[in-house]
1. List the residues whose amide H sits under 5 Å from the amide H of residue 76, counting only those 5 or more places along or on another chain, with H placed 1.01 Å from N in the peptide plane.
2. Could you order the peptides 9-16, 73-80, 34-41 from most to least packed, using the average number of other C-beta atoms within 10 Å per residue?
3. Using θ = phi - 60° and the Karplus form 6.51 cos²θ - 1.76 cosθ + 1.60, what ³J(HN,Hα) does each residue of the range 77-88 get, whole Hz, x for Gly and Pro?
4. Using only the alpha carbons of the range 7-171, what is the convex hull's orientation-averaged projected area in square nanometres?
5. Explain nothing, just the number: dipole magnitude of the range 7-171 about its Cα centre with +1 on each Lys and Arg Cβ and -1 on each Asp and Glu Cβ, in debye rounded to the nearest 20.
6. Any idea which of 72, 128, 110 is furthest toward the positive side of the dipole for the chain, if Lys and Arg beta-carbons carry +1 and Asp and Glu beta-carbons -1?
7. Calculated from DSSP H runs of 4 or more alone, at -39500 (n - 2.57) each and per residue, what is the 222 nm mean residue ellipticity of the chain, nearest 500?
8. Between helix 116-126 and the chain, what is the angle of the helix's C-alpha long axis to the longest principal axis, kept within 0 to 90° and rounded to the nearest 10?
Amino acid sequence: MANRTDIFDLGRLGLSSGEGRHLDLTVSIDPLEFGGQRYQAVPSEVPAKLDVSRTTGSGWFLRLRFDARLSGPCMRCLEDAGKGDAIVVDSREVDQPGSDDDELKSPYLAGDDLDVHAWARDALVLELPTQIVCSDDCKGLCAICGENLNFADPEHAHEAPPDPRWAKLSELKLDR
Ligand SMILES: [Zn+2]
Ligand SMILES: [Zn+2]
C-alpha cells in the first residue's frame, strides 16, 4: 500500500492547464461521532483515488474516491457494524483562484497544498446513512426483553400484556 498522505502538494505534479493526473493514495480517517456513538473506519487507513485536473486560470478540478467501513455499534442491535456494507465516497472539489464564488473555492486547498485528510473525513460524514447498521436487514433487539433478534428463535414473542379495557370489562361483570 502507498504511504499515507495527509497533505498532498499539487504543485509537485507540475501540471499545466488542461492536464490531469490520476493518483492512488492512502488516507487516514479520523474517528467520528454519530448518534452519540463513536465510529472508526476499518481499516483506519483506506486506499483512495485522487483525480487532479489543472483548469484554465490556475484552477483545479479534484475528485476523491474511496470506500470505507465503519466499526462501532449497530444502531439497531448494538453488535459491531464494521461488517456491514461499505460506504462509497465520491467527492468533487473545484478551486478557481480569483473567483468571488464560494462554490469555486475549495476549503481543503491552501496554495497548492491539498488537505486530503480533512477532505476524506468530511466527505465520508456527508455520505453516512441515516442509520449505521450491521446489515440492512438487521432485526434489532426485542423491545420487551432486549434479546438480539438476529440470533433469536424466529418465533420469538411475548404474551401480549392484558389490554386495560378488558380489565374494566371484567370488573363490570364482577359487579353484576
Ligand atoms: Zn445490527
Ligand atoms: Zn423478547
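1. 134
2. The most tightly packed comes first, giving 73-80, 34-41, 9-16.
3. After applying 6.51 cos²θ - 1.76 cosθ + 1.60, I find 10, 6, 6, 5, 8, x, 9, x, 5, 6, 8, 9 Hz.
4. Seen from a random direction, the Cα hull of the range 7-171 projects 14.6 nm² on average.
5. Taking the Cα centre of the range 7-171 as origin, the dipole is about 140 debye.
6. Positive-most Cα among the choices belongs to 72.
7. Roughly -4000 deg cm²/dmol at 222 nm, from the helical runs in the chain.
8. Helix 116-126 and the main axis of the chain meet at about 30 degrees.
Rule-based calculations on the coordinates, nothing more; no lab input. Being a predicted model, the structure only gives us computed values, none of them experimental. Quick reminder, even Gly has a Cβ in these numbers, built from the backbone with ideal geometry, and neighbours come from all protein chains shown.
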